[in-house]
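*Asks:* Sharing a structure below in structure tokens format, with a few things to ask.
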């Protein structure tokens, strides 16, 4: 019954997601096909392309998948690198050049899943840009431009050597296993190993907490940020809206592949969360485990739900899930989680957690 409830919520909020952020008429570039963000004047980021493609392929929605896929190549493709520029306005003009590694990785994973649907006879191949061929090209481009020394994952091609600044919420070990299986390689093993080394080197590791930004040794990235004129608030060493995604990304490596390092991390996060009283539960934290906000929203709840599902702790999943379902009052009437549809990012993270709970986000 609970799984059916989650499935209904996932279906309703996917329909709402399309209506609010992809096919919303003039604000969405007259349905240009990217995923647009009301909170940034309906600009679109490559991150949204990755999220939208993952959602569409999990929902077996080829029509929407192809709309996003085609728009991304028309508007955001960097012909020089084969990656995707990270931001465009709602007229289709690139206003943020260079790529974001998390987005490119999500797009590549979604393309592999799309090719699997083709291979299973569920989808027909894309007429001009076969999913599998493009996945191969994109994975190779990520490797060439966003991996340093065969092991360090850079936040983007222009972030130095991948050691002085790291975003651990970009670390996607389940995707790397997917890439290696798809391409019949083992080259991503070292990236996986380094990611777990960096993750476990941070002070939050005993509690399953990761910082938004760090260096490859788990220390703050403040020296890099100061040297490059990056505001220190954009180099947070707390677990905020970036690092909360580690619960989902590392959780998938435990849930799908049984990776001991992933399962150990997620079990620590679950143990930490079980100890939290209601006023500090399912929030964002310092690496010492102190809440940095006095509320929780659908983004935090979605990611903590993902971690709870991955941990196999049904009691914790129920506790987080009840809170997320409590924020579903507008899901069936408005198609969104929480009190407002203004933040596409929050809606995305809530959806991923709910879709894991429903069984609709799965290794295809």
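*Asks:* Once the cut-off is 17 Å, how many percent of the Cα-Cα pairs in the range 107-185 end up in the long-distance tail?
*Replies:* The proportion of pairs with Cα distances above 17 Å equals 49 percent.
*Asks:* Order of 284, 303, 58 from fewest to most other C-beta atoms within 10 Å?
*Replies:* 58, 284, 303
*Asks:* Evaluate E = 1/(1 + (r/R0)^6) for residue 70 and residue 149, where r is the Cβ-Cβ distance and R0 equals 45 Å; express this FRET efficiency to the nearest 0.05.
*Replies:* Step by step, r from the Cβ atoms, then E = 0.80.
*Asks:* Given q = 0.10, 0.15 Å⁻¹, what are the Debye log10 I(q)/I(0) values for the chain, with equal point scatterers placed on the Cα positions and solvent ignored?
*Replies:* Results for the chain at q = 0.10, 0.15 Å⁻¹ read -0.57, -1.43.
*Asks:* In nm, give the distance between the simple-model label positions of residue 271 and residue 332, each being 7 Å from the Cα along the Cα-to-Cβ direction.
*Replies:* Between residue 271 and residue 332, the simple spin-label model gives 4.1 nm.
*Asks:* Could I ask something else about it? With viscosity set to 1.306 mPa s at 10 °C, what whole-number translational diffusion coefficient in µm²/s follows for the range 108-264 from Stokes-Einstein and a Kirkwood radius over Cα pairs?
*Replies:* 96
*Asks:* Hey, fewest Cβ within 10 Å first, where do 59, 239 land in order?
*Replies:* 59, 239
*Asks:* What's the percent breakdown of Cα-Cα distances in the range 299-364 across 10 Å bins, shortest bin first?
*Replies:* Bin by bin from 0 Å, the calculated values are 24, 54, 21, 1.
*Asks:* Sticking with this one: Given only helices, namely DSSP H runs of n ≥ 4 each adding -39500 (n - 2.57), what is the per-residue ellipticity at 222 nm of the chain, to the nearest 500 deg cm²/dmol?
*Replies:* Helices in the chain give a 222 nm mean residue ellipticity of -15000 deg cm²/dmol.
*Asks:* Continuing with the same structure: If neighbour count is taken as other Cβ atoms inside 10 Å, put 169, 358, 7 in order from fewest to most.
*Replies:* 7, 358, 169
*Asks:* Continuing with the same structure: Grab the alpha carbons of the range 202-285, take their convex hull, and tell me the volume per residue in Å³.
*Replies:* 97
*Asks:* Another question, if that's okay. Gaussian network model of the chain, Cα springs within a sub-10 Å range: biggest mean-square fluctuation belongs to which of 150, 48, 338?
*Replies:* Checking each option, the largest mean-square fluctuation is seen for 150.
*Asks:* Comparing 122, 242, 259, which has the greatest mean-square fluctuation in the GNM of the chain with Cα pairs linked when under 10 Å apart?
*Replies:* 122
Values in this text are rule-based calculations from the coordinates and carry no lab data. Nothing here was measured: the structure is a model prediction, and the numbers come from that model. Because the Cβ atoms are built from the backbone with ideal geometry, glycine has one as well, and the counts that use them run over all protein chains shown.
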